[in-house]
Amino acid sequence: MAKKTPPEGNSPFNRTAQHDAKRAAILSTAAKLFNFKGSRATTLMDIAQSLGLTKTSLYYYVKTKEELIYQCYMQSLANQHQILDEICAESDLSTLEQLRRYFYRHFENTYAAHRGERPHQAALLEIASLKDGHRTEVEQYYIAMFKRLRDIIRSGVENGELYRCEPIATTRAMIGSLEWSFDWLRTFPEHSPDEIAGAAWRVLLTGFKSCRESYKPERFDFSEASRQALHSFDREEQHRLKQEAFFKAGTRFFNKKGFDGTSLDEIAQSLNVTKGAFYYHIKNKEDLLYNCYIRSLDVVEGIYEMAAQLDSPGLRKVEYACGHVFAAQNTDLGPLIRYNSITSLPIPRRKQILARTDKSNERFGEFLREGIADGSVRADIDAHIAQEMIAGAVNASMDIGLWRNTDNLSAAALDYFNVFFNGLQPPQTT
């Protein structure tokens with residue numbers, strides 16, 4: 001009697017393939033909900049219902065929401081590594097072509113997910129809230145991806161294919177410029193992936209500068225800006241100073257541990273105040289997080305307003321805004337809140353913060369359009385796409401101290417934002 005051949009491929013009798021397909025569907029649906037609703041507001045029942053499953057059926061694939069978030073993040077990073085595997089497998093590609101393909105794949109995949117043509121990938125917003133074992137594994141996988149991209153950039157700098165940039169800072173700025181694209185790409189429904197990818201890539205390839213020579217940003221004096229930004233608060237002084245201390249401590253904990261990993265008792269202890277004194281000013285953890293966003297927006301908007309008042313070309317205003325927000329994060333004025341915790345806010349408050357953030361980010365677009373008009377910014381730069389990218393990079397700059405030394409703030413800021421001013425392409429080939 002002939003031996004039966006086990007079913008393969010997409011056969012309904014291939015249990016392994018069917019299990020993998022269901023798991024992929026669960027991860028895609030969960031990633032979509034986590035991205036736009038937030039993991040805190042998303043329940044396993046929400047995910048099960050979106051898939052037409054019972055909660056019991058879902059438990060066959062994943063036991064807890066923590067486990068599901070972890071799996072979504074690992075899948076997202078696996079996708080990044082696969083893209084880099086495919087790019088690096090083609091040994092004849094130039095460094096610029098490798099980076100161009102990396103960026104184009106990002107936008108192609110995001111658009112395809114929006115159209116339902118491929119799985120959604122989870123934005124890595126809440127790594128800090130994962131439990132220690134899961135967090136360590138995700139962070140290590142992320143660092144491995146970061147180093148691969150950094151090594152491509154470093155190699156290009158060393159062989160002269162790229163503009164002389166600092167690889168670590170440039171890699172972080174480039175990744176940061178894409179971190180929120182899953183959200184803002186929805187505002188370009190009439191554009192094709194190639195249009196968006198081309199416009200985004202142009203920002204990083206040539207930078208904003210309109211001249212053929214290298215653009216030389218000014219050395220920053222951050223002290224005066226810090227004092228002015230602090231004075232933008234109009235609360236009564238003693239009360240304001242106490243609130244400042246609570247909000248700054250809360251921001252440090254939220255940035256480091258995420259919303260779920262942050263304890264109000266721990267924050268009170270770090271400030272050496274009683275819980276009673278702390279709760280006199282802070283109603284609950286959600287209220288603290290909301291006020292951390294309000295405070296950070298107050299500081300950032302104060303800096304953008306000072307940039308707008310400069311009697312300078314548009315490109316100098318962009319430079320001033322970027323550099324001084326970077327400094328605010330790394331001086332006594334900071335820290336500023338990272339937006340990775342935004343989904344922990346309830347929808348009404350989240351919408352309020354995001355609406356104000358969008359309006360604030362539009363200042364970059366205004367400065368860029370001024371620069372195009374006065375000749376300091378290239379005319380072929382899409383100001384809207386550029387403002388979204390640089391706003392993402394500004395947000396990501398808030399953890400640059402984890403990647404490199406920031407003792408010299410001016411030098412660190414110049415290294416970090418250099419890719420936006422001078423681009424990746426060496427000046428002589430422009």
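The values are calculated or read from the model by the stated rules, or taken from the named source; none is laboratory data. Keep in mind the model is a prediction, meaning the values are calculated, not measured. Here the Cβ is made from the backbone with ideal geometry for all residues, glycine too, and neighbour counts use every protein chain on show.
Numbers at a glance
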| quantity | calculated |
| --- | --- |
| Residue list for the range 115-138, filter: surrounded by fewer than 16 Cβ atoms within 10 Å (Cβ to Cβ) and part of a helix (DSSP H, G or I) | Asp132, Gly133, Thr136, Glu137 |
| Sole exception among (1) part of a helix (DSSP H, G or I); (2) over 19 Å from the mean Cα position of the chain (by Cα) for Gly401, by number | (2) |
| Answer residue from the range 97-106, given it is surrounded by 19 or more Cβ atoms within 10 Å (Cβ to Cβ) and in contact with a Gly (Cβ under 9 Å, 6 or more places away or on another chain) and is nearest to Glu179 (Cα to Cα) among those | Leu99 |
| Residue match in the range 269-282 (condition: within 25 Å of the chain's Cα centre (by Cα) and in a helix (DSSP H, G or I)) | no |
| Inter-residue pairs, beta-carbon under 7 Å, first over 13 Å from Ala31 (Cα atoms) and at pLDDT below 90 and in the range 41-52, second among the charged types (D, E, K, R) and surrounded by 16 or more Cβ atoms within 10 Å (Cβ to Cβ), 6+ apart | none |
| Lys317, sole failed condition from (1) touching a Lys or Arg at 6+ places or on another chain (Cβ under 9 Å); (2) touching a residue at least 60 places away in the same chain (Cβ under 8 Å); (3) of a type in the set (D, E, K, R) | (2) |
| Test result for Arg212, under 20 Å from Gly314 (Cβ atoms) and at pLDDT 80 or above | no |
| Failed item in (1) under 20 Å from Val377 (Cβ atoms); (2) part of a helix (DSSP H, G or I), with Ser155 passing the rest | (1) |
| Breaking point among (1) part of a helix (DSSP H, G or I); (2) at pLDDT below 95; (3) over 24 Å from Leu185 (Cβ atoms), for Glu108 | (3) |
| Residue, surrounded by the most Cβ atoms within 10 Å (Cβ to Cβ), within the range 139-166, restricted to residues that are closer than 19 Å to Phe417 by Cβ and among the β-branched types (Val, Ile, Thr) | Ile153 |
| Verdict on Gln425 being polar (S, T, N, Q), modelled with pLDDT of 90 or more and surrounded by fewer than 21 Cβ atoms within 10 Å (Cβ to Cβ) | yes |
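Residue by residue, here is whether (1) at pLDDT 90 or above; (2) of a type in the set (Val, Ile, Thr); (3) part of a helix (DSSP H, G or I) holds:
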residue: Lys4; (1), (2), (3): no, no, no
residue: Phe13; (1), (2), (3): no, no, no
residue: Ala31; (1), (2), (3): yes, no, yes
residue: Gly38; (1), (2), (3): no, no, no
residue: Leu58; (1), (2), (3): no, no, yes
residue: Lys63; (1), (2), (3): no, no, no
residue: Met74; (1), (2), (3): yes, no, yes
residue: Asn79; (1), (2), (3): yes, no, yes
